[in-house]
Amino acid sequence: MKKGLIMEGGAMRGMFTAGVTDVLMENGIEFDGGVGTSAGAAFGCNYKSKQIGRALRYNKDYCDDKRYISLKGLFRNGNLYSEDFCYHEIPERLDKFDFKTFNANPMEFYITCTNIETGRAVHHRHDEKNDDFNTFLEWVRASCAMPMLEQIVEINGVKLLDGGVGDSVPIRFFEELGYDRNVVILTQPVNYIKKKIKYGAAAKLLYRKYPKLTEAMLNRHERYNETYSYILDKEIKGELLVIRPSEALRISVSNDKNEIQRVYDMGRREGLNSLNRVRGFFS
């Protein structure tokens, strides 16, 4: 049995995931590997570093800080979320990420991004021998780099953006790796259907040099909905376990501390309600 943890993104909907994963960590649930897309990577990496509560803490502490998120930053340098503050100042100094524990933990961890020249997902496995802390943070930043709101991130000559474009919920990727007992944390309710983006013309103009990217963005809703159907079918058959919100989270990009806490608390409730199911699934 190979136990996997798959975490969807969704900007601040990821606080739901953080609530679930904190409960799982508090109760000693361990996985052989994890994969996160966008916020699923940024918040989910704390599972491997064993830092319970960190995702909630730093988001609440800094969400209303203009160094963290601001429209001024978007217009000035093309990043809604500050590259230096979010991916250096916080994890390196203000709320340190425990990179030593992260590397010592045998749990495999993959970060999902999108190669903008191919429009396809890139699933990067962190390698403690070759990836230093800065490289790791760059992969997380690339996974979270929302199209239209963040600059392209280039790593080793590969141009990357938000992993959600290429693979919002990388369940098939983990199955191909041999993970056969998977817990999937989704950030949308069971009846959610994704719609086609409304800003397709603007995306084509902004990313006119990358037609494969815009094609992937325009078709993302079809692949997303098919993946959700695939997950639901396997869930019904008992072949994987899903933890999802019982209702729409009604949050995306937000710097409202109360809203962040609300969504996190919803995650905790679902995590607690799912504990016995998770234990039974792995027994």
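The values are calculated or read from the model by the stated rules, or taken from the named source; none is laboratory data. Just so we're clear, the structure is a prediction, and the values are computed from it rather than from any experiment. Positions of Cβ are generated from backbone atoms using ideal geometry, with glycine treated the same way; all protein chains shown enter the neighbour counts. The area values use the complete protein model at the heavy-atom level, side chains included, leaving out ligands, DNA and RNA. Shrake-Rupley method; radii C 1.70, N 1.55, O 1.52, S 1.80 Å.
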Counting only residues in the stretch 196-213 that are outside any helix (DSSP H, G or I) and touching a residue at least 40 places away in the same chain (Cβ under 8 Å), the one most open to solvent (accessible area, probe 1.4 Å) is identified as Tyr199
Scanning the stretch 47-69 for residues that are open to solvent by less than 10 Å² (accessible area, probe 1.4 Å) and not in a helix (DSSP H, G or I), the one modelled with the highest pLDDT turns out to be Ser49
The one condition Lys129 fails out of (1) of a type in the set (Lys, Arg); (2) without any contact (Cβ under 8 Å) to a residue 40 or more places away in the chain; (3) under 22 Å from Thr21 (Cβ atoms) is (3)
Selection over the stretch 98-126 where residues are among the aromatic types (Phe, Trp, Tyr) and touching a residue at least 60 places away in the same chain (Cβ under 8 Å) yields a count of 2
Criterion first (free of Cβ contacts under 8 Å to residues at least 40 places away in the same chain, among the charged types (D, E, K, R), open to solvent by 20 Å² or more (accessible area, probe 1.4 Å) and farther than 20 Å from Leu160 by Cβ) does Asp84 satisfy it?
no
Residue set Val242, Val278; condition assigned to a helix (DSSP H, G or I) and open to solvent by less than 90 Å² (accessible area, probe 1.4 Å); output residue Val278
Filtering the stretch 87-108 for residues that are β-branched (Val, Ile, Thr) and open to solvent by 40 Å² or more (accessible area, probe 1.4 Å) leaves a count of 1
So the helices (runs of 4 or more DSSP H) completely within the stretch 94-195 holding 1 or more residues that are farther than 26 Å from Ser246 by Cα, basic (Lys, Arg) and under 19 Å from the mean Cα position of the chain (by Cα) are 133-144
When restricted to Ala216, Ala248, the only residue open to solvent by 40 Å² or more (accessible area, probe 1.4 Å) and within 19 Å of the chain's Cα centre (by Cα) is Ala248
Scanning the stretch 10-28 residue by residue, the ones that are open to solvent by less than 20 Å² (accessible area, probe 1.4 Å) and more than 13 Å from the chain's Cα centre (by Cα) total 5
Here is a check on your reading of the model: is Glu247 assigned to a helix (DSSP H, G or I) and among the acidic types (Asp, Glu)?
no
